[in-house]
1. Mind checking the mean number of beta-carbon atoms from other chains within 10 Å of the Cβ atoms in B:32-41?
2. Work out the mean other chain Cβ neighbour count within 10 Å for the residues of A:13-26 and drop it here as an integer.
3. Could you tell me how many degrees, from 0 to 90 and to the nearest 10, lie between the Cα long axis of helix A:58-78 and the main elongation axis, the longest principal axis, of the Cα atoms of chain A?
4. How do the peptides A:144-154, A:68-78 rank, highest first, by the average count of neighbouring beta carbon atoms within 10 Å per residue?
5. Assuming R0 = 45 Å, what is the FRET efficiency of A:ILE102 and A:ARG19, from their Cβ-Cβ distance, to the nearest 0.05?
6. Working from Cα positions, state the angle (0 to 90°, nearest 10) between the long axis of helix A:5-27 and the longest principal axis of chain A.
7. With everything on Cα atoms, drop me the angle between helix A:162-182 and the longest principal axis of chain A, reported from 0 to 90° to the nearest 10.
8. May I ask for the net charge around B:PHE64, where only other residues with Cβ less than 12 Å from the Cβ of B:PHE64 are counted and Lys, Arg are +1 while Asp, Glu are -1?
Amino acid sequence: MNISPEEATQALREIEASRSTMRTAIQSHRGHYYLWLWGLIWMATSAINWLGNQNPWIAPGLCGVGLVLTFAIAFLQGRQLRARVDKKFVAVCIAALAFGYIAWPIILGPPHSYKAAFGFGMVVFMQLYVIGGIWFDNYLLWVGIAVTVLTLASLVFFPGLFWAFTLLCGATLFGTGYYIRYFWR
Amino acid sequence: MEALDPVIHQPARLQLMAALCQLGAGLRVDFTFLREQLGLTDGNLGAHLATLESRGYISVDKEFVARRPKTFVAATEAGRTAFASHVSALRSILAPQ
C-alpha cells in the first residue's frame, strides 16, 4: 500500500484530532470525583472531632454516605467508560478489608486474654495465607479460610473448646501438607 | 521500515483506532459514547468495529448494565501494536530515512 506525503499528513492530522477528542472525553472519567468526595469526608470528620464532638456515629455515618455516593459515581461513570475488573484483585481487597475491619477489631479486639492473643497470632498468618491463596490461585486460600473460621468460631462460640479447635487448626495445616506431598496432582 | 495497514488506514477505522488506543490499558468504552464522540452512525460504527474485531485489533464485550444491554469496546494488545506500526509508517513517509 502506497500513499502520498499529503495523504500521510492528512491521516496523521485525523489521528491527532481523534486522540484529542477522546482525551477531552475521558478527562471527566478519571478518579478525581472519588478523591474529592473522600477528601471532603476526611476533612469533615477531622474538623468535627477537632471541634470537640466525639459522637462515635459521625465517622461511620459520613463513611456510609460516602460509600453510597461512591457506588453512584461508579455506576454513572461505568455506563460510558469501564475498566476490566480483575476479580482476583477485588477478592484480595475484600479479604484484606474483611480481616482489617471484621476479624481484627470486631471479633478479636485487642488481645484481652492469652487465648485471644494466641488466636491473634494465628489469624495474622492466616490473613497472609488467604491473600497469597487468592493471588497465586492455590490451596493456601482454603487453608487460610478454614483455620480463620475455626479460630474465630472457637473464640466467639466455643471458648471452652478453644484449645481443641487450635489443635484442629494445626491438624488442618499438617493434613494439608501431607495431602499436598503425597496425593495432590 | 514499517508497512501501512490497509485495514487501519480506512478513515473511520483510523479515527476509531486512534480513539481506542488513547484509552488506558484495561479500559473499555461504551458503543454509544464512542459513536457520539466520533460522529458516526450506528450502522457505520458497527460495521467498522466488526472489521477491526475480525482482525483481532479490538475486543467487543456485550453485558447488561442496570438491566440494559451495553456493548463495550477496547483495543487489544495486537491492535495497539498494529496501530503504533501504522502511525510509524505514516511518519516515515513524511521523513524518509
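1. 3
2. Across the residues of A:13-26, the mean count of other-chain Cβ atoms within 10 Å is 6.
3. For helix A:58-78, the angle is close to 40 degrees.
4. Top of the packing list down: A:144-154, A:68-78.
5. 0.50
6. Between helix and principal axis, roughly 40 degrees.
7. 60
8. My count for the surroundings of B:PHE64 gives +3.
The values are calculated or read from the model by the stated rules, or taken from the named source; none is laboratory data. Since the model is a prediction, treat every value here as computed from it, not as a measurement. Cβ coordinates were reconstructed from backbone atoms using ideal geometry, including for glycine residues, and neighbour counts include every protein chain displayed. Keep in mind that these areas ignore ligands, DNA and RNA; they rest on the heavy atoms of the full protein, side chains included. Shrake-Rupley method; radii C 1.70, N 1.55, O 1.52, S 1.80 Å.
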